Amino acid sequence: MIPSSHVLEALQRRHGPNYRWWVLVTVMIGTMASIMSSTIVNVAVPDMSRVFTLGQERAQWLAAGFMAAMTVSMLTTPWLLSRFGYRHTYAGVTLLLMCGGIGGGLARSFDWVLAMRVAEGLAAGIMQPIPAIIIMRAFQPHEQGRAMGVFGMGVVLAPAVGPSIGGVLVEHFGWRSIFFVVVPLCVAALAMARRYLPISAPGGVPANAAGVRLDHVGLGLIAVSIVALLNGMVQLHGADTAGPLPLPAIVLLAASALAFGAFLLRQRRAAQPLLDLALFGHRTFVMAGCVAFIYGMALFGSTYLVPVFMQVALRLPPSQAGAVLLPAGFVLAVIIPIAGRLADRLPIHWLVTAGLLLLALSFALMLGVDLGTSLWIITLWAAVGRVGLGFVLPSLNLGAMRGLEPALISQGASTINFLRQLGGAVGVSLIGIFLEWRLRVHGAGLAAAADAAQQVPAFHESFLLVACLTAAASLAAWRMRPALRDAA
């Protein structure tokens with residue numbers, strides 16, 4: 001039996017008025033570990049490709065497999081929190097993340113590495129909506145932006161420091177070492193969860209509520225849809241752009257569309273849906289969902305593109321490629337709390353639109369980067385993008401969920417993250433396919449022995465695509481305005 005001292009009211013009395021901040025720090029540490037597990041592997045892709053003799057299409061699954069698992073599992077977060085409560089859900093996924101890191105570091109085959117990446121992705125997907133749920137329920141509206149800024153400042157340190165740490169580890173200790181980086185963070189998160197997280201479900205109600213059931217059929221349908229979509233996109237690698245689409249790609253993409261349609265029909269009829277379609281009756285949420293999907297395509301596509309560009313086309317060693325991006329990460333850590341405070345004072349759509357335009361500008365500026373470009377210029381362009389990212393991160397979730405009924409907050413948090421990650425999973429594959437196509441057009445490949453003069457234009461065209469996607473998201477961001485004004 002769980003001691004009564006672990007329920008929400010007892011924890012609030014024990015830890016005082018700042019208790020909600022300790023809860024936020026607790027989930028922030030686990031989220032840092034999940035984000036680091038997502039981004040740090042990108043630095044090791046060239047090294048792992050050599051070790052396991054991977055082609056572009058198989059190496060891409062290191063990112064795409066993680067993203068697919070993360071996307072599917074996000075929709076289960078509301079059910080898990082209702083069924084098991086904050087503490088048990090968070091501790092369970094943190095243990096899964098840690099086991100994935102240890103298992104990946106000890107793996108002897110690429111298939112096992114990929115399986116551990118999927119395990120890490122499942123854990124990360126469940127974990128990521130939890131902080132937004134806590135912020136919307138535990139903090140007053142006038143301090144939610146500040147809380148999101150504090151949370152964001154901590155979380156962005158993971159992708160800021162991750163590539164630099166990963167570059168040094170890969171260069172000196174090999175690719176296996178990067179998997180173990182998440183272990184200390186997971187241990188700290190488990191210790192703090194035992195101390196600060198309540199056993200209750202969102203809203204302070206007891207966990208294991210009667211009648212709470214997981215929509216297994218819906219979960220199976222969306223999993224089939226996403227896996228078929230990504231496999232279909234993998235089939236497009238190496239396809240002749242002048243000819244018809246390969247038959248396997250057509251079959252898989254059609255299966256994905258049918259499974260997704262069946263999933264939506266299931267959600268309309270299910271008593272306890274994974275994705276509550278009532279969310280899409282809120283105009284602000286619909287526009288924020290469009291932003292999240294397109295923004296996810298651009299952002300996660302670029303996290304794959306940038307490290308490969310720096311190591312392959314610019315011939316930088318992994319440690320130097322990570323070090324070039326490190327100052328931009330610290331710029332982001334400084335900007336996010338400032339943007340969080342602004343989100344409590346300014347219209348959200350201003351901040352999201354401005355941030356997306358700055359992010360698009362940073363990608364466009366990469367078109368001028370080549371082998372003769374000074375490293376400080378690359379760092380400066382990356383910093384411009386991180387300023388834009390800093391305005392988007394604390395504002396998008398707040399803009400999406402302000403105005404939702406309390407009963408929809410958990411669903412809103414998981415759905416907006418689901419849409420962003422689904423966009424990211426598509427974006428990673430799309431950018432990989434586009435880059436491969438442009439390299440082929442320019443008569444180059446990703447091999448280090450290829451002519452950089454042929455490789456660089458292909459990367460420039462890929463950055464242009466990412467810039468256009470990001471700019472397109474700003475159009476939806478600006479249309480978040482009417483509902484936000486009504487909510488005010």
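The values are calculated or read from the model by the stated rules, or taken from the named source; none is laboratory data. In this text, all values refer to a predicted model and were calculated from it rather than measured experimentally. All Cβ positions, glycine included, derive from the backbone under ideal geometry; neighbour counts span all protein chains shown.
Just a yes or no: is a residue in the range 124-143 touching a residue at least 60 places away in the same chain (Cβ under 8 Å), under 20 Å from the mean Cα position of the chain (by Cα) and more than 25 Å from N18 (Cβ to Cβ)? Yes, the conditions are met somewhere in the range 124-143. Look at (1) small (G, A, S); (2) farther than 26 Å from G220 by Cβ; (3) buried (at least 23 other Cβ atoms within 10 Å of the Cβ) and you find that S109 fails only one, number (3). Scanning the range 359-380 for residues being crowded, with 21+ Cβ neighbours inside 10 Å and out of contact with any His (no Cβ under 9 Å at 6 or more places or on another chain) gives a total of 5.
Among residues that are at pLDDT 85 or above and touching an Asp or Glu at 6+ places or on another chain (Cβ under 8 Å), T415 is included. The residue that is nearest to L342 (Cα to Cα), among those in the range 360-416 that are assigned to a helix (DSSP H, G or I) and free of Cβ contacts under 8 Å to residues at least 12 places away in the same chain, is L380.
Any idea how many residues of the range 341-360 are of a type in the set (G, A, S) and within 19 Å of the chain's Cα centre (by Cα)? Outline the logic, then answer.
First pass over the range 341-360, keeping only residues of a type in the set (G, A, S): 343, 354-355, 360.
After this cut, where a residue has to be within 19 Å of the chain's Cα centre (by Cα) as well, the list is 355, 360.
Going through the range 341-360 one residue at a time, the tally reaches 2.
Is it true that some residue in the range 388-398 is more than 17 Å from the chain's Cα centre (by Cα), of a type in the set (F, W, Y) and either modelled with pLDDT of 80 or more or within 19 Å of I348 (Cα to Cα) (or both)? No - not one qualifying residue is present in the range 388-398.
Annotation: of all residues in the range 217-246 being surrounded by fewer than 18 Cβ atoms within 10 Å (Cβ to Cβ) and modelled with pLDDT of 85 or more, the one that is nearest to the chain's Cα centre (by Cα) is G220. Among the residues examined, V308 qualifies as out of contact with any Ser or Thr (no Cβ under 6 Å at 6 or more places or on another chain) and among the aliphatic types (A, V, I, L, M). The helices (runs of 4 or more DSSP H) found entirely in the range 1-99 that carry 2 or more residues being crowded, with 22+ Cβ neighbours inside 10 Å, in contact with a helix residue (DSSP H, G or I) (Cβ under 6 Å, 6 or more places away or on another chain) and at pLDDT 85 or above are 19-39, 61-74.
Across the range 448-485, the qualifying residues are those that are over 25 Å from the mean Cα position of the chain (by Cα) and among the small types (G, A, S), and the one among them that is modelled with the highest pLDDT is A458.
With A354, A339, A328 as the choices, which residue is free of Cβ contacts under 8 Å to residues at least 40 places away in the same chain and either on the phi > 0 side of the Ramachandran plot or crowded, with 19+ Cβ neighbours inside 10 Å (or both)?
A354
Of all the criteria given as (1) in contact with a Gly (Cβ under 9 Å, 6 or more places away or on another chain); (2) under 30 Å from P347 (Cβ atoms); (3) of a type outside the set (V, I, T), the one not satisfied by G432 is (2).
Being without any contact (Cβ under 8 Å) to a residue 60 or more places away in the chain and of a type in the set (A, V, I, L, M, F, W, C): is that true of L264 here? Against the criterion (without any contact (Cβ under 8 Å) to a residue 60 or more places away in the chain and of a type in the set (A, V, I, L, M, F, W, C)), L264 qualifies.
Taking the criterion of being within 18 Å of L356 (Cβ to Cβ) and either surrounded by fewer than 22 Cβ atoms within 10 Å (Cβ to Cβ) or within 19 Å of the chain's Cα centre (by Cα) (or both), the residues of the range 265-286 that qualify are F285, V286.
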